[in-house]
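One structure below.
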Amino acid sequence: DPEAERQGGGTLESARQAGKIKVGFANEAPYGYTDNTGKLTGEAPELARAIFKEIGIAEVEGVQVAFGGLIGGLNARRFDVIAAGMFITKERCASVAFSDPDYVAKNAFMVPRGNPKNITKFEDAAEADATLGVLTGAVEAGYAEKLGVPKGNIKAFEDQPSAFEALKAERIDAIALTRISLADLLSKHEGEPFEITEPFTPVIDGKEQLGAGGFAFRKADTDLLKAFNDKLAEFKSSNRLLPIIQPFGFTQAELPGPDDTAAKFCAV
């Protein structure tokens, strides 16, 4: 109905009527992935399930696309929400409407045990002339470049396993990602001679680049976004958020503060 569309998207109403909603995910653990039984799980889909259930949408269906194709897929209506732990950035806020963050994330590096190049922040990587692995389309490439790592020393990979293989083969010196992603990746390779550095927040032009992840909606779907945000706020204030995301490696340290809003991260 075009009128309903104009009045706030109409997506909330049609999802309630259908009893289900489609979410886009990038198969990146621990944010959103299919487990070995083929079930959609991860921090974002499980939180989405809990929230949508309480706003009258019983079922969450996953649509897997490459991370770089999530925003295009959402706006092309292949699904109605991005549930992939996507960072809220000014650039992305131009194309989609984000929920308030469900987690904040610090960066870290995966390095060979003993950290031979002594990399604890991007500036160290620049100084050591180290080659960094990043994920295609992720924020770390930009951080690295702005903090002095030459473009030729930044290698982009489609997914975490290929970045890990490159580290193992010594084609790169470190992988730059969130602490959460790296902890998850290392847990899949127990006994391998790698470690994760202390988590930190990059500072660019005197501004802390604190990452925060949220769910993304089409700009027209104001009703769906509001219902989701209201319920998310309720989960935060009643301490129901951490128990849902904890099994995926998230800790108290990753919980957003009261002033961590989508608007704040859209402005960074």
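Before moving on, here are some points about what is shown:
- Probe 1.4 Å, protein heavy atoms only - accessible area per residue of the chain in square angstrom: 45 Å²
- Across segment 257-268, computed HN-Hα scalar couplings (Karplus, 6.51 cos²θ - 1.76 cosθ + 1.60, θ = phi - 60°) run x, x, 9, 8, 10, 4, 4, 4, 7, 5, 8, 6 Hz from first to last residue, x flagging Gly and Pro.
- Global form of the chain, assessed from the alpha-carbon gyration tensor, a/c cut-off 1.5: prolate
- Rel. contact order, % - alpha carbon contacts under 8 angstrom, at least six apart, segment 164-261: 19 percent
- Computed over the chain, relative contact order equals 28 percent, with contacts defined as Cα pairs under 8 Å that lie 6+ residues apart.
- Expressed to the nearest 5 percent, the antiparallel share of DSSP beta bridges inside the chain is 60 percent.
- FRET efficiency estimate (nearest 0.05) - Cβ-Cβ, Arg77 to Lys146, R0 35 angstrom: 0.50
- Atom-type composition of the exposed protein surface of the chain places 50 percent of the accessible area on carbon and sulfur (1.4 angstrom probe).
- Long pairs among Lys106/Lys188; Lys146/Lys236; Lys90/Lys231; Lys146/Lys226; Lys168/Lys236; Lys22/Lys207, criterion Cα-Cα beyond 30 Å: Lys146/Lys236; Lys146/Lys226; Lys168/Lys236; Lys22/Lys207
- Placing pseudo-labels 7 Å out from each Cα toward the beta carbon at Lys155 and Asn36 gives an inter-label distance of 2.9 nm.
- For the chain, the mean residue ellipticity at 222 nm estimated from helices alone is -9000 deg cm²/dmol, where every DSSP H run of n ≥ 4 contributes -39500 (n - 2.57) and the total is divided by all residues, rounded to the nearest 500.
- Taking the Kirkwood radius as Rh and the Cα radius of gyration as Rg, segment 132-238 has a ratio of Rg/Rh equal to 1.06.
- Projecting the Cα atoms of Phe87, Gln64, Thr120 onto the charge dipole of segment 59-157 (Cβ charges, centred on the Cα centre) puts Thr120 farthest toward the positive pole.
- Contour excess over end-to-end distance, with Cα ends at Glu192 and Lys264 and 0.36 nm allotted per residue: 22.0 nm
- Ranked by how many other beta carbons lie within 10 Å on average, peptides 211-221, 130-140 from highest: 211-221, 130-140
- Kirkwood Rh in Å, taken over segment 134-184 so that all alpha-carbon pairs contribute: 11.2 Å
- Normalised by 2.2 N^0.38 Å, where N is the number of residues, the alpha-carbon radius of gyration of segment 1-129 equals 1.32.
- For Lys155, solvent-accessible area (1.4 Å; no DNA, RNA or ligand), Å²: 80 Å²
- Gain on full stretching of the segment that runs from Ser238 to Val203 - 0.36 nm per residue minus C-alpha separation: 9.4 nm
- Residues of segment 105-134 with an amide N closer than 19 Å to a point placed 7 Å from the Cα of Ala169 along the Cα-to-Cβ direction: 110-112, 131-134.
- Volume per residue for segment 191-268 equals 151 cubic angstrom (convex hull of Cα atoms).
- A full extension of the chain between Ala66 and Gln252 corresponds to an added length of 64.0 nm, given 0.36 nm per residue minus the alpha carbon distance.
- Average Cα contact separation per residue, segment 15-172, under 8 Å, 6 or more apart, as relative contact order %: 19 percent
The values are calculated or read from the model by the stated rules, or taken from the named source; none is laboratory data. Remember, it's a predicted structure, so these values are computed and weren't measured experimentally. Reconstructed Cβ throughout: ideal geometry from the backbone, glycine too, with neighbour counts over all protein chains shown. Heads up: the accessible areas ignore ligands, DNA and RNA and are worked out on the full protein's heavy atoms, side chains in. Shrake-Rupley method; radii C 1.70, N 1.55, O 1.52, S 1.80 Å.
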